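**Q** What follows is a structure written as structure tokens; I'll ask about it next.
The values are calculated or read from the model by the stated rules, or taken from the named source; none is laboratory data. Everything numeric in this text was worked out from a predicted model, so none of it was measured. Cβ: placed from backbone, ideal geometry, glycine included. Neighbour counts: every protein chain shown.
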């Protein structure tokens with residue numbers, strides 16, 4: 001059975017985890033695991049107002065490669081990954097990763113590894129805007 005990469009993108013458009021998750025489901029999958037990375041209101045003891053994400057021009061190709069690497073895992077039938085760039089407010093979804101797998105352990109493991117690899121290898125940088133007016137770049 002062939003695994004399908006349903007979506008793999010870096011986008012400025014808002015992400016809807018439920019809609020993206022529904023796209024990845026597969027009749028052979030007993031588990032569809034969805035992770036949503038959401039902008040939180042704090043970081044290392046500082047109050048966060050918003051975040052700006054910027055990406056390298058090769059980010060789309062790299063996220064597609066990460067999805068393809070996940071798609072070949074045992075028991076995986078569908079993969080989707082999207083990272084948002086641009087200006088995001090607290091509560092906005094910045095990352096959605098979805099894996100449809102035969103069993104929950106395969107799905108959870110694949111989602112965890114996919115998100116970890118995105119954090120390591122995807123050239124996306126974050127400029128945090130704190131409520132006291134200062135900013136800080138991370139991921140550089």
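**Q** Out of region 38-66, which residues are surrounded by fewer than 18 Cβ atoms within 10 Å (Cβ to Cβ), within 18 Å of residue 129 (Cα to Cα) and touching a residue at least 60 places away in the same chain (Cβ under 8 Å)?
**A** The answer is 43, 46, 47, 49, 50, 52, 54.
**Q** Right, something else. Starting from region 86-115, take each residue that is touching a residue at least 40 places away in the same chain (Cβ under 8 Å) and list its partners that are part of a strand (DSSP E or B) and surrounded by fewer than 16 Cβ atoms within 10 Å (Cβ to Cβ), counting only C-beta distances under 6 angstrom and pairs at least six apart or across chains.
**A** Every condition considered, the pairs that remain are 93/38.
**Q** While we're here: Identify the single condition in (1) assigned to a loop (DSSP other than H, G, I, E, B); (2) out of contact with any helix residue (DSSP H, G or I) (no Cβ under 8 Å at 6 or more places or on another chain) that residue 29 does not satisfy, given that it satisfies every other one.
**A** Exception for residue 29: condition (2).
**Q** Any residue in region 67-80 that's at positive phi and surrounded by fewer than 23 Cβ atoms within 10 Å (Cβ to Cβ): show its pairings with residues that are assigned to a strand (DSSP E or B) and at pLDDT 95 or above at Cβ separation under 9 Å, as long as the two are six or more apart or on different chains.
**A** Hits for this filter: 75/101.
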